[in-house]
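Notes to accompany the following structure.
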Amino acid sequence: MNQLQEWYNNNKPDEKYVYASAATNQFIWVRDTFVRLLINNLLKEYPEYEENQKLLTVDGTHTSKSVLLPVYRFDFNGVTIKIRGNFHDWCFRCWTPMKKDFPDWMKASMCKGYFEGMENDPSSIAFCVNTKEDLYAITWWVLNEGLDIKE
C-alpha cells in the first residue's frame, strides 16, 4: 500500500483529460476534509503530520473517465474503512460490526453502486451514495451511531 500523498504525487492526472481537475479536487477533499471526520471520531487526539500520513493509504485503483483513481484506505484504532469515488457516486466499506441498523429514512442500505477496486473484499458495512456530502453525512452517522466500537 502506498501513502495517500505519495500515490497522488506519482499518479497526478494528465491535464489533457477533462476530469483531471475533478480528480485532484476529489483527492484534496478526501485528504483534507473526509479524513478529519475519521480522525475526530476514531482517535482521541489529532496525530502528528508524519503519523497522520501513515494512516492514509491507497489500497487499489480503478479508472473512470480515463482517469486513474485511488481506492482510499483508512486504518484507525482497529477500524478499517475503504472508499472510492468515480465522478458518479461514492462507495464505502467498513469491516467493523454495526450495533444498530441504518434508520429507514437514511436509505443507505438501498443505494447501489459499483465497488470498482474493492469488489472482491466483502464487508459488514457497504453502501454507495451520489454525492460527497451524502458520503460525509452517512459516514458521520456510522461513526457516531452505527459502529460497535469497544472503547
With region 15-72 as the region, which helices (runs of 4 or more DSSP H) entirely inside it contain at least 3 residues that are hydrophobic (A, V, I, L, M, F, W, C), in contact with a Leu (Cβ under 8 Å, 6 or more places away or on another chain) and within 21 Å of residue 131 (Cα to Cα)? 35-42
Please go through (1) surrounded by fewer than 18 Cβ atoms within 10 Å (Cβ to Cβ); (2) modelled with pLDDT of 90 or more; (3) of a type in the set (Ser, Thr, Tyr); (4) under 18 Å from residue 126 (Cα atoms) for residue 109 and return the number of the only condition it doesn't satisfy. (2)
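Conditions (1) modelled with pLDDT of 85 or more; (2) within 17 Å of residue 39 (Cα to Cα); (3) loosely packed, with under 15 Cβ neighbours inside 10 Å, marked per residue:
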position: 62; (1), (2), (3): yes, no, no
position: 81; (1), (2), (3): yes, yes, no
position: 87; (1), (2), (3): yes, no, yes
position: 98; (1), (2), (3): yes, no, yes
Output for region 124-151, where each listed residue is within 26 Å of residue 23 (Cα to Cα) and assigned to a loop (DSSP other than H, G, I, E, B): 130, 131
Quick test of your reading of the structure: residue 131 fulfils all but one of (1) surrounded by 15 or more Cβ atoms within 10 Å (Cβ to Cβ); (2) among the β-branched types (Val, Ile, Thr); (3) at pLDDT 90 or above. Name the failing condition by number. (1)
Reported set for region 24-60 where residues are among the aromatic types (Phe, Trp, Tyr) and either buried (at least 19 other Cβ atoms within 10 Å of the Cβ) or more than 20 Å from residue 142 (Cβ to Cβ) (or both) is 27, 34, 46, 49
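Results for (1) of a type in the set (S, T, N, Q); (2) in contact with a helix residue (DSSP H, G or I) (Cβ under 9 Å, 6 or more places away or on another chain), shown as yes or no for each residue.
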{"site": "37", "(1), (2)": "no, yes"}
{"site": "42", "(1), (2)": "no, yes"}
{"site": "54", "(1), (2)": "no, no"}
{"site": "64", "(1), (2)": "yes, yes"}
{"site": "77", "(1), (2)": "yes, yes"}
{"site": "84", "(1), (2)": "no, no"}
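The values are calculated or read from the model by the stated rules, or taken from the named source; none is laboratory data. Please read these numbers as outputs of a predicted model, since none were measured by experiment. Ideal geometry is used to build each Cβ from the backbone, glycine not excepted, and the neighbour counts take in all protein chains shown.
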